[in-house]
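Accompanying notes for the structure given below.
The values are calculated or read from the model by the stated rules, or taken from the named source; none is laboratory data. Remember, it's a predicted structure, so these values are computed and weren't measured experimentally. In this analysis, Cβ positions are derived from the backbone assuming ideal geometry, glycine residues included, and neighbour counts consider all displayed protein chains.
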Amino acid sequence: MTAVALSTVEHGLKEPRGLSPRIQWLRDYYFQGTERAWNNEFVAWTTGTPWDVQFNEITFYIVPETYTLLQTLRGSFRQAARKIDLHPDFWSWSLVERRSWFIKQVMVNAMPKEVLPGDLIAGGRFNIQTSMCLTEKEQQEYDQSVLGKNGARSRMKWFHDHGYGNAGATSGHLIPDHARVLKTGWKAVYADLESRYGALNARDKKGPRGDQLRAMMTAATMPRELAAEYARLCHKLAADQNESHRRQEFLQMARNLERISWEPARTFWEAVQALWINHMLIMSDENYPGPGTSFGRIDQYLLPYWEYSLSHGMPREFGKEILKCFWVHCNTAYDAMIRNGNQGITAGFGQLITLAGMGQGGQDLTNDLTYAFLEVIDEMTPILEPKPNVRLHRNSPDKLLECLVDMIAVSQGSPFLLNFDERSMAGMILEARKAGISHLINESTVYDYAPVGCLENTMVGNDRSGTVDNNLNLLKAVELALTGGKDLLPFFNPMTGQEEKVKQDGPDTGDGAQFKSWDEFWQAYVEQTGYIIHKCVETYELSESIRAKFSPTAYLSCLVHGCAEKALDITRGGAEINFTTLEAVTYATTVDSLLAIKYLVFDKHQCSMAELIAAMKDNWQGHEVLQALAKNKAPKYGRDDDQADAMARQVMDLWCQETWKYKTASTNRQFRPGMLSWNYWAGDGFVMAASANGRPRGEFLSNAICPSNGADINGPTSNANSVGKVLGGRAADGNGDWQDYLNCLPNGASHTITFNPSIIKDPEHREKFKAFLRGYCENGGTCLQVNMLDADMLQDAQQNPANYRHLLVRITGYNAYFTTVGKELQDEVICRVSHGRF
Amino acid sequence: MEATILEIQRMSTEDGPGLRTTVFFKGCSLHCNWCHNPESISPRAQVHWIENRCIGCKICLEVCPQAALSFTEAGNKIDRVLCNGCGLCVEQCPAGALELLGEQWELDDLVAELIKDKAYFDKSGGGVTLSGGEPTLQAPFAGRLLQQLKNLGIHTALDTCGLSPWPAMEGILPYVDLVLYDLKVMDSHLHRAYTGSGNEKILANLMHLRDVMVSDGHPRQLWIRTPIIPGATDAASNIRDIGRFVGTHLNGVVSRWELCAFNNLCRDKYRRLDRDWQFKDCALLGKLSMEKMAAVARNCGVDPDIVHWSGSTLLEAGAKMNAA
């Protein structure tokens, strides 16, 4: 039987459409992956010293999948590294100057330069692994602090292996001040640095402030020199080109490149070319391909150039053609480790663009360029980068929603993150108050916020908030409260085949089995929550301080307001706004576990605490009735049940309050709370012991701010209401942080809802779905991701991956090709509650 | 004040305009043999057992005071004579495999539940729909509920089969914005054969309703709904007869006539209630059949713009593959 009683929607895979032969070729070529003759694989470069190292593993500490590869990567880049002839004074310079000079040397003079057939944008290879440029003594110190017995690597691994989560100072994840550099050109940046340097006294000139500004001046000329190299190449290609149309294109590209990025951009083509060079060099500077290096409100700051060019004869379609070339360039970031399989796609990248949204005074800023971007996305999809996040608010135009819903309807819902301005801005105002920076974020500036990576809200051009740097499993505190500060089960080390002895780790809050009341247990939970957050902060401090000392990024510092002013590198806290974010993972699992303990042990007396602990130790084997009670009878977060959500709110308040207590010791960055779970909730489900909500080890934890799998039984509106409530809801007295909105998570919270495609089956239902989005703006969270999938199709894709190579699904704040994610994650996507009962 | 409620379904998209919360009342004055909510027919609370949730602990057998439960090869057998719907087994079942169909709701609790989605009602032009079962069988409660919802500024809809004492219906109409009124079969004999009652009373009530709407201007809207059941209501002559009735008597009063495609997702519900269902092997209608039916409806004297069809249809073989 092939008849399926699901819906009349004939639901197929989205195909790209309306592509010119040029773009079709570039797109197809990109998807050839490892079979391509050209790629953007990491190339490693060395100073030639015997102690030299390239790979900065700290930036991968938040990617547990890489832990077993760290040593190999370190070794293989060392082995493959090619030598750069050093400036005779090189070793007399400060580290930041050495590194800045070295990267410029690599990018301008050493990396090969090509333009792909038909491409309208220059700037190809940018994935590099450069020497850390350390002296022998510095390298020893670095290695000691990273690889030593109590070094960053072993501390971080312990933190992860024991189920706490992960933490590490990670590159990318910010929005540079592209708008300024396009408007004034790099010459203005350079002039500013020069005058600041000139204003230093003789002593400062010789000290770190002088070092920093000189390094930044070196970096500030890198885009010009690189563009000049590409201009020369374009002239040469033009000379060799017989076909006159393409020859003219090369000549125009050469003229563009001769002007930018030093001079201000004038035309749309110049602006996109300059933006690309400026952006790709950040990835070169950080040796980090893409993740979270975001563009901000691109449809706002590119608009003047778009309008200028349209009014000076640029056909609209040609403008889109330029953008499509830009699209292909962004995707080549994935080539970095292309030989590692999956075409090098790890699904973890996020060069995010922000579209539409509110302007000053609450007016809507959607414009023609917004729609041009949406058309480009629609025509290019499925393709991963750059990722769009569309800002919605109460005054978002119906036309925009209509357009989004149409696109969601044909593309499995995948191309979008939807950010909700009112709730998001309330969180930004809160963080300003908490950190005492209301002069930087206030009612007349906050509307210009933009999300980074996936949905992590920051300000633009002056803000680095470490949006993915700390990922803490809140559930660990429940475990420690049950055991009095020890792991529930001993850690089994697969490398040694040995079981470690369980040790007292957290505070001894007493044996959980002896607690007589819920309040006693809650007190223990409170204490352990304080402990795990403190532990996370300490773990993070190691890598933060190492980065501050050894890994300056002078070029990136030029693009972030505050670094020049303070003559301080961005890795040392140079940005005007400096938070680091603690992302809570396992939120719903934690809340549901607490609800289950209260319900089973203290309210309903279904079992004793000792029995519950024993059941969890046995991974629920032989305790099926108790497990069923925990799963089915105990209340759950995510059902718009006010009592259960009140517990959720208590948990939220507690961990947020603890998080606000800390700053990094080495760089003075304030910790702030958020909820993004990337893929940790899947992987750590195998690391963490069974939980009191009935979940056995190996079953997934909950994702970001979403309810636990299967808990969400009252539909999308109740799910959204619960999320809005735990973020703070709306102020009863009307005095919220943005109007009456409250939001305790300034970073934002990832929320995914899967719908059955029948919710958008005809125009009438599309109106209903649009209304759902408008309702979400009132009641929901900061960011919503919509999946439009039916389980049948996913199961078919799992069995016949070849037929679904381009099927995009949303994992948590990011899209991934379904067939390239692991089986466990595939299963998770399939078993998510799919809404659409009729 | 209490009512027996079967289910509260939020973000409902098929029971009137916009996004709605639908309250399913338990107990119906008809028992249509195609009914897709068979658990709504009896006014009493009933227990059913969901096989794939059961963990086999048999706690239910121990707690049932009536000894109404027994495990057989076919699973947990509920003796429908012995079971009085006390719900003890449901309360004790750890796995949620036993469910109580029909729970008592206090008026205030229900109102509190229904206002939770007000933001979505307001943005979508939606609201609350009373459905069932037949909500007018619990008219005093339904009226009070609707009155409170109206006081809160919520759009209200009443989904009725039309078979109810007129005073019961009349009493709640002042608080109803939209009536969803079923016309299933125009031949009264056939109507009786399929639903257990003739349709005279239903048609008479509909005429009363029309008169109230014309004289009071309230309820503001009337939708007619016709289930399209293969071999029962789907004869072209039946559709034409309904159309003629609507065209003759309700012209200008009805704003929508919805043909609702037969739905077989309720197969398991019948099994769980230990009832045979004569439509259990009946396939969904094809999209083409529904379009044909709609074409007939548009061609029998009603304003063609008011005719809509809805519901799940057969996904034609291969459609998915082609699309992929």
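Things worth noting here:
- Test: residue in the stretch A:777-795 that is assigned to a helix (DSSP H, G or I), in contact with a strand residue (DSSP E or B) (Cβ under 7 Å, 6 or more places away or on another chain) and at pLDDT 80 or above: yes
- Helices (runs of 4 or more DSSP H) completely within the stretch A:479-583 that count 2 or more residues being buried (at least 24 other Cβ atoms within 10 Å of the Cβ), of a type in the set (Ser, Thr, Tyr) and touching a residue at least 40 places away in the same chain (Cβ under 8 Å): A:518-550, A:554-558
- Scope the stretch A:381-400; condition part of a helix (DSSP H, G or I) and either within 24 Å of A:GLU456 (Cβ to Cβ) or in contact with an Asp or Glu (Cβ under 7 Å, 6 or more places away or on another chain) (or both); matching residues: A:LEU400
- B:THR226 modelled with pLDDT of 95 or more and part of a loop (DSSP other than H, G, I, E, B): no
- Taking the listed residues B:ASP211, B:ASP241, B:ASP234, B:ASP274, the one that is away from chain A (no Cβ under 14 Å) and within 25 Å of B:ALA142 (Cβ to Cβ) is B:ASP211, with no other qualifying.
- Of the candidates A:ARG214, A:ARG196, A:ARG209, A:ARG255, the single residue that is at pLDDT 95 or above, part of a helix (DSSP H, G or I) and under 23 Å from A:VAL328 (Cα atoms) is A:ARG255.
- Residue match in the stretch A:233-254 (condition: aliphatic (A, V, I, L, M) and under 30 Å from A:THR580 (Cα atoms)): no
- Qualifying positions in the stretch A:741-764 - more than 30 Å from A:ALA435 (Cα to Cα) and at pLDDT 90 or above: A:PRO763, A:GLU764
- Residue count for the stretch A:752-784, restricted to those that are crowded, with 21+ Cβ neighbours inside 10 Å and more than 11 Å from chain B (Cβ to nearest Cβ): 7
- Test: residue in the stretch A:737-750 that is among the acidic types (Asp, Glu) and within 14 Å of chain B (Cβ to nearest Cβ): yes
- The stretch B:53-76, subset touching a residue at least 40 places away in the same chain (Cβ under 8 Å) and either in contact with a Pro (Cβ under 9 Å, 6 or more places away or on another chain) or not in a loop (DSSP other than H, G, I, E, B) (or both), residue nearest to B:SER131 (Cα to Cα): B:ARG53
- When residues of the stretch A:301-343 are limited to those that are at pLDDT 90 or above and outside any helix (DSSP H, G or I), the one nearest to A:PHE373 (Cα to Cα): A:LEU302
- Total residues in the stretch A:650-682 satisfying the condition of being surrounded by 20 or more Cβ atoms within 10 Å (Cβ to Cβ), in a helix (DSSP H, G or I) and out of contact with any Cys (no Cβ under 8 Å at 6 or more places or on another chain): the figure is 7.
- Complete set of residues in the stretch B:9-24 that are facing chain A (nearest Cβ under 7 Å), surrounded by fewer than 24 Cβ atoms within 10 Å (Cβ to Cβ) and part of a strand (DSSP E or B): B:ARG10
- Any chance B:ALA97 is free of Cβ contacts under 8 Å to residues at least 40 places away in the same chain, out of contact with any Gly (no Cβ under 8 Å at 6 or more places or on another chain), within 11 Å of another protein chain (Cβ to nearest Cβ) and of a type outside the set (Val, Ile, Thr): no
- Filter result for B:GLY27 (closer than 30 Å to B:ASP159 by Cα and in contact with a Pro (Cβ under 6 Å, 6 or more places away or on another chain)): yes
- Subset of the stretch A:621-634 that is buried (at least 21 other Cβ atoms within 10 Å of the Cβ) and within 39 Å of the chain's Cα centre (by Cα) - its residue that is farthest from A:GLY710 (Cα to Cα): A:LEU626
- Restricting B:ASP211, B:ASP276, B:ASP241 to residues that are in a helix (DSSP H, G or I) and without any contact (Cβ under 8 Å) to a residue 12 or more places away in the chain narrows the list to B:ASP211.
- Within the stretch B:105-145, the set of residues being buried (at least 24 other Cβ atoms within 10 Å of the Cβ), away from chain A (no Cβ under 14 Å) and part of a helix (DSSP H, G or I) comprises B:PRO135, B:THR136, B:ALA142, B:LEU145.
- Note on the stretch B:281-301: residues that are within 13 Å of chain A (Cβ to nearest Cβ) and either surrounded by fewer than 19 Cβ atoms within 10 Å (Cβ to Cβ) or modelled with pLDDT under 85 (or both) amount to 9.
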